[in-house]
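Every number in this text was worked out from the coordinates using simple rules, so none of it is lab data. Predicted, not measured: the structure shown is a model, and the values here were computed from it. Glycine also receives a Cβ, built like all others from the backbone with ideal geometry; neighbour counts cover every protein chain displayed.
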């Protein structure tokens, strides 16, 4: 087991538990406690896949688009240097604020929402994929799920899911998004947890480790539907990111796109030097093979990065990459739970049962210092609830190279108090 960075005892114990069943395991520097398998965990199996390893938000991931715009093109002519010297100038800029409002009103954020845009990708080819027939249609179950998936395609959800507008070192504007397969992925994960524990489709089951052999019908069907959810998540993220580029009045110049809650068939070198085909499950971890690019977000008030897997300069780096199963972090990683950060609030009345460690003033001060234009966002997603991404990346060592540092200008999320059953 290879561990990057520092982690609490509960996270380490959870990783050790997963390692007792996996062929190999690595824990990335943004790791923290998850359902059965820690977020930031990478596990390799032989012809098996872990349902809870992939998680409920199947194919959650990040996509970023580099545009042809510069900062002056989405503001009243501001430069990046001017924003860095006087962050309040961005927060007060009428053009940038208007764009933030338009993103918030055009893109659907929140619980179980549907995409109301005229050009929503409801006729995407993925809806003709034969994998749908692995789902029974008793009582219209398959048709109901497909209909929900059509309506939700291109919706963002809540929690830590977002649409961001960034500027890189040269002042070039990027659009970044983070979300997954919404209700489709959640239903697939829930159903296969139930099926593996003797239940049926549409029934609930406890979050327990389930390793499905891929040569058995239930494992085969899960694999097909997991990949269907992957297509769905890719289509949704790319539609949202491109829609925001359109809102900004820009043109797409480059797309960087990766899942971080998924499983892949990959060939790796075993510790004994043999070439082995593994099923590699990455839960909150990003693939980072040499030359492969990734977009990694920080928090609502922190920089993000575009990285690529390093071309190893020496055997030490190559060995480290192999131990990481060619993976890296997917974000900064939480340092406190959502409840610890925001407190406990009554779902129906909104009454604060117990306060959290972060106040609205604390979050507001942080955002003001950065000059970020924020729409939505709750205390559970405040920057104080996360590690600092720069230090997390340092803990990954020379396995990755940072190509661009992206400064957030506009951050749009679901509103405070939104509870989304489909977030990762």
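Summary of computed values
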| read-out | value |
| --- | --- |
| Packing-based ranking, highest mean first, of 259-266, 34-41 given that Cβ atoms within 10 Å are counted | 34-41, 259-266 |
| Peptides 291-300, 271-280 ordered by average Cβ neighbours within 10 Å, highest first | 291-300, 271-280 |
| Ratio of the Cα radius of gyration of the stretch 1-67 to 2.2 N^0.38 Å, where N counts its residues | 1.19 |
| Residues of the stretch 203-243 with amide N under 20 Å of a point placed 7 Å along Cα→Cβ from residue 275 | none |
| Cα gyration tensor shape of the stretch 197-299, rounded if a/c is under 1.5, else prolate or oblate by comparing a/b with b/c | oblate |
| Label-to-label distance, nm, for residues given as residue 170 and residue 148 (7 Å Cα→Cβ offset) | 4.5 |
| Residue 97/residue 255 FRET efficiency (R0 30 Å; Cβ-Cβ; nearest 0.05) | 0.65 |
| For the stretch 1-139: rounded, prolate or oblate by the Cα gyration tensor [a/c cutoff 1.5] | oblate |
| Cα gyration tensor, the stretch 106-249 - rounded (a/c under 1.5), prolate or oblate | prolate |
| Relative contact order (%) - the chain, alpha-carbon pairs under 8 angstrom, separation at least six | 25 |
| Helix-only [θ]222 nm of the chain, DSSP H runs n ≥ 4, -39500 (n - 2.57) each, per residue, nearest 500 | -9000 deg cm²/dmol |
| Order by protection proxy (mean Cβ within 10 Å, highest first), peptides 48-55, 190-197, 301-308, 95-102 | 48-55, 301-308, 190-197, 95-102 |
| For the stretch 61-96 and the stretch 323-344, distance of Cα centres in Å | 28 |
| Inter-part distance where the stretch 101-124 and the stretch 1-42 are each reduced to a Cα centre, Å | 35 |
| Antiparallel DSSP beta bridges within the chain, percent to nearest 5 | 90 |
| Relative contact order, percent, the stretch 37-147 [alpha-carbon distance under 8 Å, six or more residues apart] | 11 |
